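Below is one structure, written out as structure tokens; comments come after it.
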Amino acid sequence: KRSVPIVLHCHCTVQDQLGNNNLSKCFFKKVVNRANEIIVLNKVSQDWVLNETGRKALVLPNFIDEKLVVENKRKKTTGIKEVFFAGHLLESKGIKEMVAITEKNPDIHFTFAGVYTDEMKKFLDKDNITLLGDVEHETVLNYLDKSDLYLFLSHTEGFSISLLEAMARGVPTLVSNVGANEDMVGDCGGVIVKAKNANSAVNGFKEAIQLTAEDYDTISMTEISKVKGYYLTNVVLDKLLDLYKEIEDEK
């Protein structure tokens, strides 16, 4: 009513949050129609918003501080021996798919950091799995630095900070094809598998073993370069502030 510009900023994968609820979609479209600009976290959301509302959304990712990026500190690996995941240990985070991988690779050690239930603890009671529980952020970074591969097999995601931190530390990744994962990893940062699919995860892990054995250093440095070019705080916030200024100037 006061002609104040509106920016709709969606911190999620839009279609995952709205689901098949027609009422939710109706209200979302009303908000979109009133907005001067729509911002989303990933390309799949951008495509969905365009198809559902006819409006073009801007993709603007999450970001991390430059101090989390490391360079030339990783030793060339002689093979995948240590695998890491950080996050809530839930089925929706791909835990069943991860366990399928651990069972097929008994000689590789897996470390999972994050909150878990007693029931999940029993499910994860494997000789080659270490559960850290809820740990400090610095501990997560330390484990990333000594890991050969990062697992991120979530069933739904907007834009994962934990995956971004793994990339910033130069850790090759095995990720599910949801949210911004494919945008982030691309063709050179790791292996992308189908979400909610244990067979795809196990086969993808085999591919990751081969891929990292062939060109670990290139994968690692590609990830770090991508983080520096697209996902640092100053890079993303400069774009956001420029957008705000542009909208204000058009008022």
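With the crude spin-label approximation of a point 7 Å out along Cα→Cβ, what separation in nm comes out for GLU82 versus ASN234?
Label at GLU82, label at ASN234, 3.1 nm between them.
Solvent-accessible area per residue for the chain at a 1.4 Å probe radius, Å²?
Normalised by residue count, the accessible surface of the chain is 54 Å².
Label points 7 Å out from Cα along the Cβ direction at SER3 and GLU52: separation in nm?
Reported label-point gap for SER3 and GLU52 is 3.2 nm.
With all protein chains present and a 1.4 Å probe, how do ARG2, ARG169, ARG55, ARG34 order by accessible area, largest first?
From most accessible down to least: ARG2, ARG34, ARG55, ARG169.
Which whole-number percent of Cα pairs in the chain have a distance greater than 22 Å?
Looking at the chain, the distances longer than 22 Å represent 57 percent of pairs.
First measure r as the distance between the Cβ atoms of CYS26 and LEU132, then evaluate 1/(1 + (r/R0)^6) with R0 = 41 Å and state the FRET efficiency to the nearest 0.05.
The calculated FRET efficiency here is 0.40.
Working with all protein chains in place, sort SER225, SER154, SER24 by solvent-accessible area computed with a 1.4 Å probe, largest first.
Ranked list, largest accessible area first: SER225, SER24, SER154.
With viscosity set to 0.692 mPa s at 37 °C, what whole-number translational diffusion coefficient in µm²/s follows for the range 169-251 from Stokes-Einstein and a Kirkwood radius over Cα pairs?
The Stokes-Einstein estimate is 225 µm²/s.
Can you send over the carbon and sulfur percentage of the accessible area for the chain, probe radius 1.4 Å, protein chains only?
Roughly 47 percent, rounded to a whole number.
Can you tally the net charge around VAL191? Count Lys and Arg as +1, Asp and Glu as -1, for every other residue whose Cβ sits under 10 Å from the Cβ of VAL191.
Here the count lands on 0.
Let me know the Rg and Dmax you get for the range 1-99 when you use only its Cα atoms, in Å.
19.4, 63
Give me the base-10 log of I(q)/I(0) for the range 110-211 at each q in 0.11, 0.17 Å⁻¹, Debye formula, one uniform scatterer per Cα, rounded to two decimals.
Relative scattering, expressed as log10 I(q)/I(0), comes to -0.33, -0.84.
Rounded to the nearest 0.05, what FRET efficiency do THR139 and ASN199 give with R0 = 25 Å and r taken as the Cβ-Cβ distance? Could you check?
0.15
Taking the Cα-to-Cβ direction at LEU241 and at ASN36 and moving 7 Å from each Cα, how far apart do the two end points lie in nm?
Going by the 7 Å Cα→Cβ label model, 1.8 nm.
Over all Cα pairs of the range 1-56, how is the pair count split among 5 Å bins, expressed in % and running from 0 up to the last occupied bin?
The distribution over the range 1-56 is 4, 19, 32, 28, 10, 5, 2, given as percents.
For the modelled label position 7 Å from the Cα of GLN17 along Cα-to-Cβ, which residues of the range 54-71 have backbone nitrogen atoms closer than 18 Å?
Under 18 Å, as judged by backbone N against the label point of GLN17, lie 54-63 of the range 54-71.
Okay, helix-only estimate at 222 nm for the chain: each DSSP H run of n ≥ 4 adds -39500 (n - 2.57), divide by all residues, round to 500 deg cm²/dmol; what do you get?
-14500 deg cm²/dmol
To the nearest 10 square angstrom, what accessible area does LYS194 show with a 1.4 Å probe?
Result for LYS194: roughly 130 Å² accessible.
The values are calculated or read from the model by the stated rules, or taken from the named source; none is laboratory data. Everything numeric here is computed off the predicted structure, so don't read it as measured data. Every residue, glycine among them, receives a Cβ derived from its backbone with ideal geometry; neighbour counts consider all protein chains shown. Only protein heavy atoms, including side chains, enter the accessible area calculation; ligands, DNA and RNA are left aside. Shrake-Rupley method; radii C 1.70, N 1.55, O 1.52, S 1.80 Å.
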